[in-house]
Amino acid sequence: MITIKGQIANFSPQQGQGIIMGDDGKNYPFTSQQWQQATAPMVGQQVEFSVDAEGYAVAVVGAYFFGVDDSQYRSRCSLFA
């Protein structure tokens, strides 16, 4: 599979799904089951992912925000708690 870079356009912890806007200009839906990190996805977060045959983002890995204190965000998010 080819790896694509993009940015999380939206994510709903309640529904466990969101949309990634790929650097190629396409939108890719993803589910929380495909998120490969312990902390929840954040809107605007840079990610890398592959795409399955149906056009869904899989094996989604988020980039870290160096120098940003995200402890308040993580404490509010119970998706992966």
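The values are calculated or read from the model by the stated rules, or taken from the named source; none is laboratory data. Since the model is a prediction, treat every value here as computed from it, not as a measurement.
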Inspect all residues belonging to the stretch 66-77 and state whether any of them is in a loop (DSSP other than H, G, I, E, B) and either modelled with pLDDT of 90 or more or closer than 15 Å to Phe11 by Cα (or both). yes
Residues that are in a loop (DSSP other than H, G, I, E, B) and modelled with pLDDT of 95 or more, drawn from the stretch 56-65: Tyr56
